[in-house]
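The values are calculated or read from the model by the stated rules, or taken from the named source; none is laboratory data. Keep in mind that what you see is a predicted model, and the values were worked out from it rather than measured. Neighbour counts run over all protein chains shown; Cβ positions are idealised from the backbone, glycine included.
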């Protein structure tokens, strides 16, 4: 496909997807985002083909062979309080309609795993219905970024579609341990990088000095006491209850609506957690610089350490306040994961031939583990009712 391997990145954020696609050999012709910090970060690292704009169905996009993007997901992310009326949730429908309008040869969609069950699966159909009707043949699967060489257990939903042709869904390249379902995938592949390997070579961070990406704020008082008591892998609920943070106490049973104990649902946010050096990190979010304790030191991770775990190069500069930089990193698609997806798609595009085949959901993998929640079972039933017979369970 050569020079025709072009990309438009919607909701580009800091540019994790764009960076991975560029490394794989694509040329990003334009990128769009609504957040000034994201646009400034993207422009600083990836070029001036980025535009700050409110993304709507009326947006005109330049011609490109692929549209990629991760529509804002905070409205149904498990890392924050879910709000079904969050205006950002409509971004999924806007993303799908822009693809239908511009009809690229392929698209790549990324989102959090809560995307599947939010509002009983509404957003899954916001994505699939218009795209399948337009002729796209789609894989929609949950993946763990650790299985693609990223040093963290980051479960996300990936959608890959081809207009009138069947794209390949890239297989896992690494095995991992330390998360539900992780050991069921790629058992004979090389091990995923560990947190220690991800952080190797970084100089010791600064303490309470001039704010940089590799500085931290020293823990004091009860915060230091909490950190000192945590062993690798332990989190807030492993501490004596008198040391629980009040916000953790309020959130602890947030997702338990049926009386099932938290320890059997795993539902509560961790509050704080000491990471393990010899395993992939837990998923980096915007709160990681406040909630993740270094595996051996009594301090939180630095912004640069979070970027390392997300596989951004040390030369990549993030704009904004410390909180904004952490959010940009936490929201991003790991460039290494994006590169694996892009490399597979580039090979597909070079041999892709449109046919008269109708749009379809080719495969659907909603979980990486052996068990599913009642909410996910309900979504599976709806998917099977609408697309049954057209796709394969994975």
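For region 314-371, the set of residues classified as surrounded by fewer than 16 Cβ atoms within 10 Å (Cβ to Cβ), in a loop (DSSP other than H, G, I, E, B) and not assigned by TED's automatic domain parsing to the domain that holds residue 43 consists of 314, 315, 317, 321, listed by residue number.
For region 3-15, name all the residues that are crowded, with 22+ Cβ neighbours inside 10 Å and in a strand (DSSP E or B). Steps first, please.
Step one: of region 3-15, the residues crowded, with 22+ Cβ neighbours inside 10 Å are 7-15.
Those that are crowded, with 22+ Cβ neighbours inside 10 Å and in a strand (DSSP E or B): 7, 8, 9, 10.
Taking region 43-94 as the range and being over 27 Å from residue 163 (Cα atoms), in contact with a strand residue (DSSP E or B) (Cβ under 9 Å, 6 or more places away or on another chain), at pLDDT 95 or above and not in a loop (DSSP other than H, G, I, E, B) as the test, the residues that pass are 43, 46, 52.
A count restricted to region 16-31 and to residues that are more than 16 Å from residue 317 (Cβ to Cβ), touching a strand residue (DSSP E or B) at 6+ places or on another chain (Cβ under 8 Å) and crowded, with 23+ Cβ neighbours inside 10 Å stands at 5. Has region 295-311 got any residue that is crowded, with 19+ Cβ neighbours inside 10 Å, under 18 Å from the mean Cα position of the chain (by Cα) and either in the same structural domain as residue 27 (by TED's automatic domain parsing) or assigned to a loop (DSSP other than H, G, I, E, B) (or both)? Looking for residues that are crowded, with 19+ Cβ neighbours inside 10 Å, under 18 Å from the mean Cα position of the chain (by Cα) and either in the same structural domain as residue 27 (by TED's automatic domain parsing) or assigned to a loop (DSSP other than H, G, I, E, B) (or both), one finds at least one in region 295-311, hence yes. Checking each residue in region 183-211 for being closer than 17 Å to residue 306 by Cβ, without any contact (Cβ under 8 Å) to a residue 24 or more places away in the chain and in a loop (DSSP other than H, G, I, E, B) picks out 200, 201, 203, 204. Please tell me if residue 98 is modelled with pLDDT of 95 or more, out of contact with any helix residue (DSSP H, G or I) (no Cβ under 8 Å at 6 or more places or on another chain) and buried (at least 23 other Cβ atoms within 10 Å of the Cβ). It is true that residue 98 is modelled with pLDDT of 95 or more, out of contact with any helix residue (DSSP H, G or I) (no Cβ under 8 Å at 6 or more places or on another chain) and buried (at least 23 other Cβ atoms within 10 Å of the Cβ).
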